[in-house]
Amino acid sequence: MGAMNVIVCVKQIPDPAAPGALDGATNTLKRDGKLILDESDGYGVEMALQLVDAAGGGEVSLVSMAPNGETSGLRTALAMGAAKGVLVSDPALQGSDALTTAKILAAAIQRLGGADLIIGATESSDGYTGTVPEQMAEILGLPSVTFAKKVSVEGGTLKVDRQTENGYDEVTCALPALISVTAGVVEPRYPSFKGIMAAKSKPVEEVTAADLGITPVGWAGAGQKISNVAQAEARQAGEIIEDDGESFGKIIGFLENLKVI
Amino acid sequence: MALNNIWVFAQASNGAPTSATLELLTKARSLSSNVVAIIGGDGASAGVLGEYGATKVYAINHGSTLPGVAIASALKSVIDGGETPDLIMFPQNYEGRDVMARLSVKIDKTVITNNVDISDSGDGVTVVTPIFGGNTLVSTTFTGAGPYLAAFRPKSFAAESAGGAAAAVTAIAVPDLGATGAANVTAVHVEETSGPKLDEADIVVSGGRGLGESPSYALIEELATLLKGAPGASRAIVDAGWVPYSYQVGQTGKVVKPTIYIAAGISGATQHMVGMKGSKNIIAINKDKEAPIFGVADLGIVGDVHKVLPQIIAALKGR
């Protein structure tokens, strides 16, 4: 293959290091603060860059969806080496379910003219529904290979090692296609200083759901409503001790009490 | 609403239905008297599927095509033929998610995943999903007309035989998939493990980043063997390539509920906690006394796993 164009779906999420919170009015995850690139998506961006490099030409584009016009996560992926992005940003997207999200992202992919390969993560780190890539494949009429842990393109054919419950399957697939990649498929690069500077001037087109011709979105299109939020029964706090060199005896005693040794 | 017809996406391994399948069938038969098991292949497991509550089996032979698109297309043809299930239950795993996702687009219905419970109030069907590491339970009610698509985590329900007769098997053909059917399995690799299976073991010993480097994982395996348990791992060390994915405990790995869970060098990220919080007894060893894992531990040792694990191993060997 002389050139290969890849589109990566990236999600910008609240920093997972900060404790999550629900919006009191809607019971959805609060996403109003600073958003960062979901760590799970760094693997897809890196995979895309490596495949384009191996093909000897082409480019990596990004699609993302966020309620508040946030682009800092997209800039991270652009700094890694992606060429451009489309951000679907619209307050009406608040509360969108996975199916609506897939419709929006698929429309954004079509706005970019499609690609030889579409890459997503197996699931996001904040919502983790885990169905969006496969839903996009169906909307776009593409074959798909989910849970890819090793990916190459040989003679225009996609070759994937697909993770299974107790090992992996070797899968081949014609292009164009869609894959979801596991964390660890490749080691994401750190953006270089030059990459960070270059990312500032790379094009990110901002569009609304209506621009893509999609309605209804947000809660209106979700087909589900949150009826209750409750605290789970907390586990009783246990005994926590600082190791004094002899605390392994506590563990042995604990195991003896349960009659497992 | 009454649930007149429930479909359950069933899976089998070596001809025997998986435990997740039997759990879902048990729950389904408590919600409806018509339960259809959907299974890839030839329906050889119809005897056990019937025993646990399936009244019919739809067998879909997809050959070497990845099951997601093939099975979803076959189900769409059944729905187009006039049969409308009110609810379709899926296991929260690879194939379950893929079939569910493809079907949701074909019938334009929402999906709710990662559930641990379901109820039918008569006014609506509600599922329960744990978030924030299982500290908060969100109940979500489906709106509009079915079929409702819901995926459930393993071990959400207890599997109990109903003593039912073998279910009648109907073969459902896979329609022409066109371009979407291009993904084909060319070889299958099974990673062999010895000892009890991770998600069935009575004792699980798991290791994480706190082990420092890959060779230290041998301590986890040695302790697991001495206790006749199974070794497990956090996502961090699976991603780092120390152990295969099949060892992973957590949201994207196995859900375990053993009698004793020993977490060594694991801080307790949400992703890990949702896979092991249901354990009856939890022992944690970690250097950082602020680690979240201590919030769920019955016995917590603030210490170095490189010192404590060898001491436990020596003590057990000396008995």
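The values are calculated or read from the model by the stated rules, or taken from the named source; none is laboratory data. Just so it is clear, the model here is predicted, and its values are computed rather than measured. Note: ideal-geometry Cβ built from the backbone for every residue, glycine included; neighbour counts use all protein chains shown. With ligands, DNA and RNA removed, areas are computed over all heavy atoms of the protein, side chains included. Shrake-Rupley method; radii C 1.70, N 1.55, O 1.52, S 1.80 Å.
Working only within the range B:286-312, note down all residues that are more than 8 Å from chain A (Cβ to nearest Cβ) and either crowded, with 19+ Cβ neighbours inside 10 Å or under 15 Å from B:Val204 (Cα atoms) (or both). Explain how you work it out, then say what you get.
Going through the range B:286-312, the residues more than 8 Å from chain A (Cβ to nearest Cβ) turn out to be B:286-288, B:290-293, B:305-306, B:309-310.
Residues satisfying the conditions are B:Asn286, B:Ala291, B:Ile293, B:Val305, B:Leu309.
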Limited to the range B:18-52, what total is found for residues that are open to solvent by less than 50 Å² (accessible area, probe 1.4 Å), modelled with pLDDT under 95 and within 17 Å of the chain's Cα centre (by Cα)?
2
When only residues in the range A:116-151 that are within 9 Å of chain B (Cβ to nearest Cβ) and among the acidic types (Asp, Glu) count, which is most open to solvent (accessible area, probe 1.4 Å)?
A:Glu138
Residue that is surrounded by the most Cβ atoms within 10 Å (Cβ to Cβ) [pool: residues in the range B:64-102 that are more than 28 Å from B:Thr252 (Cα to Cα) and of a type outside the set (D, E, K, R)]:
B:Pro85
So for the range A:193-208 (the condition being surrounded by fewer than 18 Cβ atoms within 10 Å (Cβ to Cβ), more than 30 Å from B:Asp304 (Cβ to Cβ) and within 12 Å of chain B (Cβ to nearest Cβ)), does at least one residue qualify?
no
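Could you tell me which residue of the range B:52-66 is farthest from B:Thr113 (Cα to Cα), considering only residues that are hydrophobic (A, V, I, L, M, F, W, C) and part of a loop (DSSP other than H, G, I, E, B)?
Of the range B:52-66, the ones hydrophobic (A, V, I, L, M, F, W, C) are B:54, B:57, B:59-60, B:66.
Among the residues that remain, those that are also part of a loop (DSSP other than H, G, I, E, B) are: B:54, B:66.
Working: B:Ala54: 22, B:Leu66: 21 Å.
Across the range B:52-66, the extreme among qualifying residues is B:Ala54.
Could you tell me which of the residues A:Ala82, A:Ala18 is under 27 Å from A:Thr100 (Cβ atoms), more than 13 Å from the chain's Cα centre (by Cα) and open to solvent by less than 20 Å² (accessible area, probe 1.4 Å)? Talk me through it step by step, then tell me what you get.
Details: A:Ala18 fails: open to solvent by less than 20 Å² (accessible area, probe 1.4 Å).
Matching residue, one of A:Ala82, A:Ala18: A:Ala82.
Mind telling me which of the residues B:Val138, B:Val48, B:Val35, B:Val111 ends up being within 21 Å of A:Ser96 (Cβ to Cβ) and without any contact (Cβ under 8 Å) to a residue 40 or more places away in the chain? Steps first, answer last, please.
Details: B:Val48 fails: within 21 Å of A:Ser96 (Cβ to Cβ); B:Val35 fails: within 21 Å of A:Ser96 (Cβ to Cβ); B:Val111 fails: without any contact (Cβ under 8 Å) to a residue 40 or more places away in the chain.
Within the list B:Val138, B:Val48, B:Val35, B:Val111, the selection yields B:Val138.
How many residues, within the range A:166-189, are over 30 Å from B:Ser19 (Cβ atoms), surrounded by fewer than 21 Cβ atoms within 10 Å (Cβ to Cβ) and without any contact (Cβ under 8 Å) to a residue 40 or more places away in the chain? Give the steps one after another, and end with the answer.
Taking the range A:166-189 and keeping what is over 30 Å from B:Ser19 (Cβ atoms), we get A:172-178, A:186-189.
Those left that are additionally surrounded by fewer than 21 Cβ atoms within 10 Å (Cβ to Cβ): A:172, A:174-176, A:186-189.
Pick out the ones that are also without any contact (Cβ under 8 Å) to a residue 40 or more places away in the chain and you get A:172, A:174.
So the answer is 2.
Give me the strands (runs of 3 or more DSSP E) completely within the range A:183-261, filtered to those with at least 3 residues that are under 23 Å from the mean Cα position of the chain (by Cα), ordered by residue number. Working first, answer last.
Details: elements: A:204-207, A:224-231, A:239-242.
The strands (runs of 3 or more DSSP E) meeting that bar are A:204-207.
Could you check the range B:227-245 and list, in sequence order, the residues that are more than 20 Å from the chain's Cα centre (by Cα) and surrounded by fewer than 23 Cβ atoms within 10 Å (Cβ to Cβ)? Lay out the reasoning, then the answer.
The initial filter retains those residues of the range B:227-245 that are more than 20 Å from the chain's Cα centre (by Cα), namely B:227-228, B:237, B:240-242.
Within the range B:227-245, B:Leu227, B:Lys228, B:Ala240, B:Gly241, B:Trp242 meet the criteria.
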Could you please let me know if A:Gln163 is open to solvent by less than 10 Å² (accessible area, probe 1.4 Å) and either at pLDDT below 95 or not in a strand (DSSP E or B) (or both)?
no
Testing A:Glu154 on (1) of a type in the set (D, E, K, R); (2) facing chain B (nearest Cβ under 7 Å); (3) open to solvent by 30 Å² or more (accessible area, probe 1.4 Å), one condition comes back false. Which one is that?
(2)
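Quick grid of which residues meet (1) touching a helix residue (DSSP H, G or I) at 6+ places or on another chain (Cβ under 6 Å); (2) not in a strand (DSSP E or B):
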{"position": "B:Gly50", "(1), (2)": "no, yes"}
{"position": "B:Gly68", "(1), (2)": "yes, yes"}
{"position": "B:Ala74", "(1), (2)": "no, yes"}
{"position": "B:Thr84", "(1), (2)": "no, yes"}
{"position": "B:Arg102", "(1), (2)": "yes, yes"}
{"position": "B:Lys109", "(1), (2)": "no, yes"}
{"position": "B:Ile112", "(1), (2)": "no, no"}
{"position": "B:Thr126", "(1), (2)": "no, no"}
{"position": "B:Ser139", "(1), (2)": "no, no"}
Index of the failed condition, A:Val8 passing every other in (1) closer than 30 Å to A:Val229 by Cα; (2) buried (at least 23 other Cβ atoms within 10 Å of the Cβ):
(1)
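Kindly evaluate B:Ser216 against the criterion of being in a helix (DSSP H, G or I), open to solvent by less than 50 Å² (accessible area, probe 1.4 Å) and at the interface with another protein chain (Cβ under 8 Å from one of its Cβ atoms). Steps first, please.
Numbers: in a helix (DSSP H, G or I): yes; open to solvent by less than 50 Å² (accessible area, probe 1.4 Å): yes; at the interface with another protein chain (Cβ under 8 Å from one of its Cβ atoms): no.
No: the conditions fail for B:Ser216.
Is it fair to say B:Glu222 is assigned to a loop (DSSP other than H, G, I, E, B), acidic (Asp, Glu) and either open to solvent by 10 Å² or more (accessible area, probe 1.4 Å) or under 27 Å from B:Ala151 (Cα atoms) (or both)?
no
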For the range A:231-261: of the residues being among the small types (Gly, Ala, Ser) and surrounded by 15 or more Cβ atoms within 10 Å (Cβ to Cβ), which is nearest to B:His306 (Cα to Cα)?
A:Ser247
